[in-house]
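As structure tokens, the structure follows; a few thoughts come after it.
Quick note: the coordinates plus some simple rules give every number you see, no bench work behind them. Computed from a predicted model, the values in this text were never measured in an experiment. Cβ coordinates were reconstructed from backbone atoms using ideal geometry, including for glycine residues, and neighbour counts include every protein chain displayed.
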Amino acid sequence: MELVRSIRSAERTISDMQIKGIIFDLDGVICSTDEFHYKAWKKMADDEGIYFDKEINERLRGVSRAESLEIILEKASRTYSDEEKTQMMEKKNQLYRDLLSEMSERNVTDEVRSTLEELRAKGLKLAIGSSSKNTAYILERIGLLSFFDDVSDGTIISRSKPDPEVFIKAAGMLHLKNDECIVVEDAKAGIDAAVSGGFASAGIGSAKDYSKCTYHLDSFSDVLAVV
Ligand code: B16
Ligand code: MG
């Protein structure tokens, strides 16, 4: 009997686990701030005469500001000092925050809002797991600062995605085990982080067709079908 039970347990796949919580990435999942990241980096790169396009931008999804700059600088024709890099990051962040300041509740689609409400009504715990240090400001702008049970973000982590730290901290805040949570992500780096942390994952947008996702979402409301 014990043997049968342990074999059955070993046969369980991650998608069979009982899901009690959902950890949402922010930029590119809850709202389209990924577009603002692109615009701000593009302006910074153009002003410096550094080639930057949407394909390179894909590699910035989910990774920290400092790591994003290093990726952009791969195309630079000279090296930059640490002080110059700090100034470039500050310039990009100011451009980015100027765009964020124009945001309001209108920047969350009805689909996202109603799906979040339905998930809450189902009794699921909901958290944010974002690499961004601007997370609280964005949530405030879009009127969701007090909606989520917990927020794990770039201000409390030392390693950004694809390291699973931000999601492990989110699960801990929700008092759930990693395999009781699904991570919803638009970044391959975020899906890699979910996989290495032992989370189920749902890819959307740029990560939708990524082979490592547990689930592939065409649309945000599809998350209702996997919990
Ligand atoms: P910040 P997410 C990430 O947010 C973005 O995808 C990534 O492009 C950005 O570099 C990172 O946040 C840091 O953002 O400069 O605002 O601290 O997708 O994990 O919600
Ligand atoms: Mg994202």
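Here are some notes:
- From the alpha carbon centroid of the stretch 126-148 to that of the stretch 149-201 is 15 Å.
- Relative packing of 28-34, 65-71, which averages over residues the other C-beta atoms within 10 Å, highest first: 28-34, 65-71
- Subtracting the Cα-Cα distance of SER221 and ASN93 from 0.36 nm times their residue separation leaves 43.0 nm of extension gain.
- Since only PHE167, ASN93, SER77 are under comparison, the one whose Cα sits farthest along the positive direction of the charge dipole of the chain, derived from C-beta charges on Lys, Arg, Asp and Glu, is PHE167.
- The helix-only estimate of mean residue ellipticity at 222 nm for the chain, built from DSSP H runs of length n ≥ 4 each weighted as -39500 (n - 2.57), is -12500 deg cm²/dmol after division by the residue total.
- With q set to 0.11, 0.16 Å⁻¹, the log10 of I(q)/I(0) for the chain, from the Debye formula over equal scatterers at the Cα positions, is -0.55, -1.08.
- Highest-first arrangement of 193-202, 35-44, 77-86, where packing means the average Cβ count within 10 Å: 193-202, 35-44, 77-86
- Sorting 134-140, 91-97, 165-171 by their mean Cβ neighbour count within 10 Å, with the most densely packed peptide first, gives 165-171, 134-140, 91-97.
- Across the stretch 110-211, the relative contact order, built from alpha-carbon pairs under 8 Å that are at least six residues apart, equals 20 percent.
- Placing unit charges on the Cβ atoms only, positive for Lys and Arg and negative for Asp and Glu, gives the chain a dipole magnitude near 340 debye about its Cα centre.
- Part-to-part distance (alpha-carbon centres) for the stretch 83-106 and the stretch 19-48, which is given in Å: 11
- Placing unit charges on each Cβ (+1 for Lys and Arg, -1 for Asp and Glu) gives the stretch 183-227 a dipole about its Cα centre, and among GLY203, VAL223, ALA193 the Cα reaching farthest toward its positive end belongs to ALA193.
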